[in-house]
Amino acid sequence: MLPDPIAARRQQRQQLLGADALRFRELIAKIGSGERTSTGLSRSEATEALCRLLQGQASDVQAGAFLIAHRLRRPSACELAGMADAYRQLGPVLPSTTRPTLSFGVPFDGRTRTAPVLPLTALVLNAAGLAVVLHGGGPMPVKYGVSLAELFEVLGLPLGRLDWAAMCHMFRQQGLALMHQPHHFALAEGLIPLREQIGKRPPIATLELLWSCCAVPDLQISGFVHAPTEQLMADSWALLGISNALTLKGLEGGVDLPTSRVSIAAH
């Protein structure tokens, strides 16, 4: 019996792609097959997909296809919880503390129209005896606004330059921490060039609002812009075991409340 030429060609293609590329192609298909045939990812599949992305087990073409397809389809709470699991597995984790811990989820791409006061708020809360956890990075796509690390530097606190061991020591002693992605989470920082080229916020940007490098904070405080994001974060936190959270429709998606319009908050 003659071999099936189509099957032989398919097998040859699969051998050229490699096991990692083949598996990631399957994950792309689950979110990129269209509105009617797309099944979405399970929580474990979402964890696997983001772990593979962070660890470079997908080509740049596949990574870009995944991020933009996931943005167009919109992530589910189950998928965001799985992505948070990946960050928990591969990202930095702060030590425990006896102080009540507040963790702030703010956009990593900064503010461009208004001046953030969150660093000052964090210092006031810390002086009142609370532990405060912040996340930040450099100027990020797509806004490239001022970052928390830059603002702390102006205040005389070069938190963005501390290594993770020093940051953990500071958190134990003083109850203040800034997870600065370029220095403390290199795997996540490795996706920034792809985000630059896409030019749109992928679901990872939503993940950054709800994830915390503190295992389970006493209170998670996160900003949002679009109303559906608020419920999506609440549903994701429920799956992650975070029951005490505060969402704020603050200035430019942050947690600073505006004085020129009605503020929206939910606990």
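Here are a few things to note about the model shown:
- Some residue of region 160-172 being among the small types (Gly, Ala, Ser), surrounded by fewer than 23 Cβ atoms within 10 Å (Cβ to Cβ) and outside any helix (DSSP H, G or I): no
- Out of Thr229, Thr206, sole residue that is touching a residue at least 40 places away in the same chain (Cβ under 8 Å), of a type in the set (S, T, N, Q) and outside any loop (DSSP other than H, G, I, E, B): Thr206
- Meets criteria (touching a strand residue (DSSP E or B) at 6+ places or on another chain (Cβ under 6 Å) and either in the same structural domain as Thr121 (by TED's automatic domain parsing) or closer than 26 Å to Pro75 by Cβ (or both)) for Ala131: yes
- Among residues of region 131-149 being surrounded by fewer than 17 Cβ atoms within 10 Å (Cβ to Cβ) and not β-branched (Val, Ile, Thr), the one that is farthest from Lys200 (Cα to Cα) is Pro139.
- Residue in region 72-80 that is within 20 Å of Trp237 (Cβ to Cβ), buried (at least 23 other Cβ atoms within 10 Å of the Cβ), among the charged types (D, E, K, R) and touching a helix residue (DSSP H, G or I) at 6+ places or on another chain (Cβ under 8 Å) present: yes
- Residue list for region 43-68, restricted to those being over 20 Å from Ala19 (Cβ atoms) and surrounded by fewer than 18 Cβ atoms within 10 Å (Cβ to Cβ): Gly64, Ile68
- Leading residue by the ranking (farthest from Pro95 (Cα to Cα)) among those in region 209-267 that are charged (D, E, K, R) and at pLDDT 95 or above: Asp235
- Every pair of residues 6+ apart whose Cβ atoms lie under 6 Å, when the first sits in region 173-188 and is assigned by TED's automatic domain parsing to the domain that holds Phe152 while the second is charged (D, E, K, R) and modelled with pLDDT of 95 or more: Gly175/Arg99; Gln181/Glu189; Pro182/Glu189
- Single match in Ala238, Ala215 (criterion: more than 18 Å from Phe104 (Cβ to Cβ) and small (Gly, Ala, Ser)): Ala238
- Output for region 97-120, where each listed residue is assigned to a helix (DSSP H, G or I) and either in contact with a helix residue (DSSP H, G or I) (Cβ under 8 Å, 6 or more places away or on another chain) or in contact (Cβ under 8 Å) with a residue 40 or more places away in the chain (or both): Leu118, Pro119
- Any hit, region 140-159, residues being under 16 Å from the mean Cα position of the chain (by Cα), assigned to a loop (DSSP other than H, G, I, E, B) and small (Gly, Ala, Ser): yes
The values are calculated or read from the model by the stated rules, or taken from the named source; none is laboratory data. Remember, predicted model here, so these are calculated numbers, not experimental data. Counting neighbours? That spans all protein chains shown, and the Cβs are built from the backbone with ideal geometry, glycine included.
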